[in-house]
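Undergrad: Could you have a look at this structure, given as structure tokens, before my questions?
The values are calculated or read from the model by the stated rules, or taken from the named source; none is laboratory data. In this text the structure is predicted, and so the values were computed from the model without any measurement. Cβ placement follows ideal geometry from the backbone for every residue including glycine, while neighbour counts extend to all protein chains displayed.
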Amino acid sequence: MRTVIAGGHGQIALRLERLLAARGDSVAGIIRKPEQSDALRAAGAEPIVCDLEAASPDEVAAHLAGADAAVFAAGAGPGSGAARKDTVDRAAAALFADAAERAGVRRFLIVSSYGAGAEPPPGTDPVFAAYLRAKTAADVDISSRAGLDWTILRPGTLTDDAGTGLIHLATWTGRGTVTRDDVAAVLAALLDAPNTVGSTLELIGGTVPVDKAVRTVA
């Protein structure tokens, strides 16, 4: 299987790249900065330099040619303002989905966020509210595409603790934390899980092994 990951230098993406490479898959990561290439190579991934805030759908589709799956794990990141939450977390996600459809890549995963899908509550920090609205808009867009076999994953609060391999994956989980290791492991499992196509799933730490949780969630 060949998988192309948008946001290839992100913390979850690098973990996912290592997992996919270790199991013998071909994996590529889309990055903005050439200097990030060595980190991807070290993870076993092919670096593809392409700015998703500036590229056309056809340009990105060329990078997706021959892939079996696409994963959108990009984000504007901490310290970015509300405008980039829209151009990366929403618009770049839509661009990547457009490109996947043009390239004939049906399997499509997107890393969203717990709290997306609803209007942020009063008093939410304005930039974080913009982030949640961007994620919501991206999720709505992806879920409307008949040309994609999509799954939306909404992790809880992310931590850098070592993964446990034990999770709670469901349509609704309630608030909680989850390690980036475990998010990456879930994404790797979702790639091979047709039972999750067309599902929006929340993810936090729990008591069920990743493979079993993904296999039985639907």
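Undergrad: Among the residues of the stretch 54-82 satisfying the criterion of being surrounded by 14 or more Cβ atoms within 10 Å (Cβ to Cβ) and at pLDDT below 95, which is nearest to residue 138 (Cα to Cα)? Spell out the reasoning first.
TA: Filtering the stretch 54-82 down to residues surrounded by 14 or more Cβ atoms within 10 Å (Cβ to Cβ) leaves 55, 57, 59-64, 67-76, 80, 82.
Keeping just the survivors that are at pLDDT below 95 gives 75-76, 80, 82.
Details: 75: 12, 76: 14, 80: 18, 82: 15 Å.
My answer is 75.
Undergrad: Suppose the filter is out of contact with any Ser or Thr (no Cβ under 8 Å at 6 or more places or on another chain), surrounded by 19 or more Cβ atoms within 10 Å (Cβ to Cβ) and farther than 21 Å from residue 72 by Cα; does residue 213 pass it? Steps first, please.
TA: Numbers: out of contact with any Ser or Thr (no Cβ under 8 Å at 6 or more places or on another chain): yes; surrounded by 19 or more Cβ atoms within 10 Å (Cβ to Cβ): yes; farther than 21 Å from residue 72 by Cα: yes.
Yes.
Undergrad: Filter the stretch 108-126 for residues that are out of contact with any Asp or Glu (no Cβ under 8 Å at 6 or more places or on another chain), of a type in the set (A, V, I, L, M) and buried (at least 20 other Cβ atoms within 10 Å of the Cβ) and give the result.
TA: Of everything in the stretch 108-126, those that are out of contact with any Asp or Glu (no Cβ under 8 Å at 6 or more places or on another chain), of a type in the set (A, V, I, L, M) and buried (at least 20 other Cβ atoms within 10 Å of the Cβ) turn out to be 109, 111.
Residues are listed down the side, and each one gets a yes or a no for (1) in a helix (DSSP H, G or I); (2) among the hydrophobic types (A, V, I, L, M, F, W, C); (3) touching a residue at least 24 places away in the same chain (Cβ under 8 Å):
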| site | (1), (2), (3) |
| --- | --- |
| 164 | no, no, yes |
| 178 | no, yes, yes |
| 181 | yes, no, yes |
| 185 | yes, yes, yes |
| 188 | yes, yes, yes |
| 200 | no, no, yes |
| 212 | yes, no, no |
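Here's the yes/no breakdown for (1) surrounded by 22 or more Cβ atoms within 10 Å (Cβ to Cβ); (2) at pLDDT 95 or above; (3) not hydroxyl-bearing (Ser, Thr, Tyr):
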{"site": "128", "(1), (2), (3)": "no, no, yes"}
{"site": "137", "(1), (2), (3)": "no, yes, yes"}
{"site": "160", "(1), (2), (3)": "no, yes, yes"}
{"site": "169", "(1), (2), (3)": "yes, yes, yes"}
